[in-house]
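Below: the structure, in structure tokens.
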Amino acid sequence: QVQLVESGGGLVQPGGSLRLSCAASGITFSLYTMGWYRQVPGKQRELVATITSGGSANHADSVKGRFTISRDNAKNTVYLQMNSLKPEDTAVYYCNAQKVTNSIRYWGKGTLVTVSS
């Protein structure tokens, strides 16, 4: 059974920080590129960041310099460190796993991040 379980969401003040975690099970973690996406009402789900098994990371322009994706292959876990949070970062954040060989994808259920004073 494939499972991606996000945690770490919550309410934070503008300018604050939060770290999201995604624990993966049921997959050979080293064969997957991992990613974080987010979605708000009225908008398409958008890419936040991705990271390959070897640690090559890519971040969307909207979060570059503020968010950092990382992974711990020994723990089968991917992280998203979010700093200098803005109200427009408010969204449900989803963890994604993609097997590069055939592009099959798995999704977590999401965790809500609310940035508000």
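The values are calculated or read from the model by the stated rules, or taken from the named source; none is laboratory data. All figures in this text were calculated on a predicted structure; none of them were measured in a lab. Neighbour counts are summed over all protein chains in view; Cβ atoms, including those assigned to glycine, are modelled from backbone coordinates with ideal geometry. Accessible surface is based on the protein model in full, side chains and every heavy atom, while ligands, DNA and RNA are left aside. Shrake-Rupley method; radii C 1.70, N 1.55, O 1.52, S 1.80 Å.
Worth pointing out:
- Some residue of the range 52-61 being in contact (Cβ under 8 Å) with a residue 12 or more places away in the chain and closer than 17 Å to Leu112 by Cα: no
- Any hit, the range 90-110, residues being open to solvent by 10 Å² or more (accessible area, probe 1.4 Å), out of contact with any helix residue (DSSP H, G or I) (no Cβ under 8 Å at 6 or more places or on another chain), among the hydrophobic types (A, V, I, L, M, F, W, C) and over 15 Å from Glu46 (Cα atoms): yes
- Restricting the range 73-108 to residues that are touching a Leu at 6+ places or on another chain (Cβ under 8 Å) and not in a strand (DSSP E or B), the residue that is farthest from Asp61 (Cα to Cα) is Thr101.
- Criterion: part of a loop (DSSP other than H, G, I, E, B) and over 15 Å from the mean Cα position of the chain (by Cα) - qualifying residue of Ser117, Ser53: Ser117
- Among residues of the range 26-75, those that are open to solvent by less than 50 Å² (accessible area, probe 1.4 Å) and on the phi > 0 side of the Ramachandran plot, counted: 1
- Residue list for the range 78-89, restricted to those being under 12 Å from the mean Cα position of the chain (by Cα) and surrounded by fewer than 18 Cβ atoms within 10 Å (Cβ to Cβ): Gln81
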